[in-house]
Amino acid sequence: MGEGRPLADGLDETSNMIFSPGQWLDTFIPGLPKAGGFTITSTPSEARPSSQIPPFLELAVQNSNNPPAKWFSRPQEEILGKQLVVRVGGSFTWPPPTLDAAKIDRLVLIAGGVGINPLISIFSHLIRTGRYPKEVHFVYATKTTSELDPHSILFLTRLMDLVGIASDPGITLSLYLTGTGEDGMLDDGRLPNRTFARRITELDLVRALDGFKENIYGAEHDRQGTVCYVCGPQKMTDEFVGFLGQQPGMAKERVLCEKWW
């Protein structure tokens, strides 16, 4: 998993590529001894042939010296038309493999930095299919600059578009930015209404668990249908997973994480 330009990789029109939102792709490139693992940031429906657009996979490819990543960074004319062997993997997916999705009424997606990669696939799939829990709360923390350009923040404009498409009060987006040179709530028309110039706190996590409203029957009851997905740097992931799993009404099996490091 890595940060970089999302790369749309075309599929054969007759392909039957099957994967779950949140999975990665092991990519075997001719001439390279080891496969490269890249998170799939597109949705399963986009990998199926349709009358509108050719099928494709969008991968998050890091700008690095990793040989598979460098291969994808070559000029288009050098890689277009090349056939690759690929293998899908990963269990950090929607629907969750160990839970009954029908019993989930509040889904909290928590991303830190490039940890957004699998979660953008999950969120996109939920919104575009229209089949999602009663509430979905996306909590996204990342670094930026004082310019606050939404186009420079990985997948932010897509997230905002999806929230707009849903037009559902049960779908929320909270953005936490560091590196802005400011502090507190940010009032910028280009950014989500809930944008803060600080890190995510434990209180922020508790508020997301409760759907940003007061519990009616108490946390033990009201959180029974709440499930969290966490993906980010190791320290953040470990701390958030430990904290969320210990909250009243929560259980460790309802706090899922991807340890990609």
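Looking only at segment 64-80, filter to residues that are more than 25 Å from Phe19 (Cα to Cα) and not charged (D, E, K, R); which one of those is least open to solvent (accessible area, probe 1.4 Å)?
Ser64
Filter segment 219-229 down to residues that are part of a loop (DSSP other than H, G, I, E, B) and open to solvent by 30 Å² or more (accessible area, probe 1.4 Å), then give me how many there are.
The number of residues fulfilling the criteria is 1.
Take the residues of segment 164-208 that are in a loop (DSSP other than H, G, I, E, B) and of a type in the set (A, V, I, L, M): which is nearest to Thr142 (Cα to Cα)?
Ile200
Just checking, how many residues over segment 15-31 are closer than 15 Å to Thr93 by Cβ and hydroxyl-bearing (Ser, Thr, Tyr)?
1
Could you grab me the full set of residues in segment 81-99 that are farther than 13 Å from Ala35 by Cα and open to solvent by less than 40 Å² (accessible area, probe 1.4 Å)?
Result: Gly90, Phe92, Thr93, Trp94, Pro96.
From the list Thr226, Thr237, which residue is touching a residue at least 40 places away in the same chain (Cβ under 8 Å) and under 16 Å from the mean Cα position of the chain (by Cα)? Walk me through how you get there before you give the answer.
Working: Thr226 fails: under 16 Å from the mean Cα position of the chain (by Cα).
Being touching a residue at least 40 places away in the same chain (Cβ under 8 Å) and under 16 Å from the mean Cα position of the chain (by Cα) holds for just one of Thr226, Thr237, which is Thr237.
With a cut-off of at least 2 residues that are at pLDDT below 95, name the strands (runs of 3 or more DSSP E) lying wholly within segment 84-158.
In segment 84-158, 85-89 are the strands (runs of 3 or more DSSP E) which contain 2 or more residues that are at pLDDT below 95.
Return the residue satisfying two criteria in turn: it lies in segment 177-205 and is closer than 16 Å to Gly112 by Cβ and open to solvent by 40 Å² or more (accessible area, probe 1.4 Å), and of such residues it is modelled with the lowest pLDDT.
Gly179
Given (1) out of contact with any Leu (no Cβ under 9 Å at 6 or more places or on another chain); (2) of a type in the set (Lys, Arg); (3) buried (at least 21 other Cβ atoms within 10 Å of the Cβ), identify the lone condition not met by Arg131.
Arg131 satisfies every listed condition except (3).
The values are calculated or read from the model by the stated rules, or taken from the named source; none is laboratory data. This structure is a prediction, so every number in the text was calculated from the model and none was measured. Note: ideal-geometry Cβ built from the backbone for every residue, glycine included; neighbour counts use all protein chains shown. Calculation scope for accessible area: heavy atoms of the full protein, side chains included, ligands and nucleic acids excluded. Shrake-Rupley method; radii C 1.70, N 1.55, O 1.52, S 1.80 Å.
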